[in-house]
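First comes the structure, then the notes that go with it.
The values are calculated or read from the model by the stated rules, or taken from the named source; none is laboratory data. Nothing here was measured: the structure is a model prediction, and the numbers come from that model. We place every Cβ from the backbone using ideal geometry, glycine too, and count neighbours over all the protein chains shown. Side chains are part of the model used for accessible areas, which takes the heavy atoms of the whole protein and leaves out ligands, DNA and RNA. Shrake-Rupley method; radii C 1.70, N 1.55, O 1.52, S 1.80 Å.
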Amino acid sequence: FLKTAEPASAELTEREQRINNIAGLRGQLKVRKSAFELGYTNLLEVYDTIDTRDSREDIVSGVFNYYHHWDFSLFVGYDRGWIDYDDKEKSDGDYDEATVGIKGTITPRTTGQARGGYRWQHYELEDREDFSGPTLHVNINHRFPGRNSIVVYAVRTIEESFFEENTYYEVTGGGVELTRQLSDMLIFSIEGAYQLDQYPVNRSEEHTSEL
């Protein structure tokens, strides 16, 4: 259960606070060098001032992992999601996303994961255009001697847009997060990120954000 606020972006010109509640259940079955995962996630978002964005999202996901070595695996995943908006003037919808990837240990102190896939989003209302596109996520985590670590990540994906002329926008970005464990119960972290949002219809709405 989280009360949070996002930085201003192309979709939000000001920081908007919202409740972001996530509940889920996940199970795994291991058979020799393979593992099957099945999960369910419920995401509830309630904004303080933007009622048209309040929504509920239900996601059923499945993942198959094959462990080439115990510190290295290949995986295939599939998500099926349903989005229900409180504002019935905004079209509810559903989506499918298929992914393939690799994860494991690169060095004794470095782990990484890379996954790519494709997403299809469908809307119930005919005047809301369906969209689809590729997704890519890469992250590397390195632990320095002592209590320091660094995470480097990059992303290329598509997201739902709330602008009338666009149903989606393309996101390209990445970032770095440095973490220092000050004690067994205290952690300090600092993060820098870059994100470019590109829209298919009105290019004047392209937006670059830095954190």
Practice problem: Using only alpha carbon pairs under 8 Å that are at least six residues apart, calculate the relative contact order of the chain and give it in whole percent. | Solution: 11
Quiz item: For the stretch 32-183, what is the accessible area per residue in Å², given a 1.4 Å probe and the full set of protein chains?
Solution: 58
Exercise. Can you figure out the FRET efficiency of Arg56 with Met185, using R₀ = 41 Å and their beta-carbon distance, to the nearest 0.05?
Key: 0.75
Self-check item: Those trypsin sites (Lys or Arg not before Pro) in the stretch 125-190 that DSSP places in a loop and that have at most 15 other beta carbons within 10 Å
Solution: Arg128, Arg147
Self-check item: 3J(HN,Hα) from dihedral phi, the stretch 90-105, Karplus parametrisation 6.51/-1.76/1.60, rounded to Hz, x for glycine, proline
Solution: 9, 6, 5, x, 9, 8, 10, 9, 10, 9, 10, x, 9, 8, x, 8
Practice problem: Only Cα pairs under 8 Å and at least 6 apart count here; give the relative contact order of the stretch 109-149 as a rounded whole percent. | Solution: 48
Quiz item: Where Lys and Arg each count +1 and Asp and Glu each count -1, what net charge lies around Lys103 among other residues with Cβ under 11 Å from its Cβ?
Solution: 0
Quiz item: Expressed as a rounded percentage, what relative contact order does the stretch 56-106 have, with Cα pairs under 8 Å and six or more residues apart?
Solution: 37
Exercise. Scan the stretch 37-111 for trypsin sites (Lys or Arg not before Pro) in coil per DSSP, keeping those whose Cβ has at most 14 other Cβ atoms within 10 Å, and list them by number.
Key: Lys88, Arg109
Quiz item: Just how many pairs of Lys in the chain have C-alpha atoms closer than 29 Å, counting pairs that are eight or more places apart or on different chains?
Solution: 4
Quiz item: Normalized C-alpha radius of gyration of the stretch 43-176, against 2.2 N^0.38 Å?
Solution: 1.28
Self-check item: Backbone HN-Hα couplings from phi across the stretch 168-181 [Karplus 6.51/-1.76/1.60, Hz, Gly and Pro as x]
Solution: 8, 9, 8, 10, 10, x, x, x, 9, 10, 9, 10, 10, 8
Quiz item: Which of the chymotrypsin sites (Phe, Trp or Tyr not before Pro) found in the stretch 51-83 are in a DSSP loop and have at most 10 neighbouring Cβ atoms, other than their own, within 10 Å?
Solution: Trp70
Quiz item: Of the accessible area of the chain, with the probe set at 1.4 angstrom, what percent is carbon plus sulfur?
Solution: 56
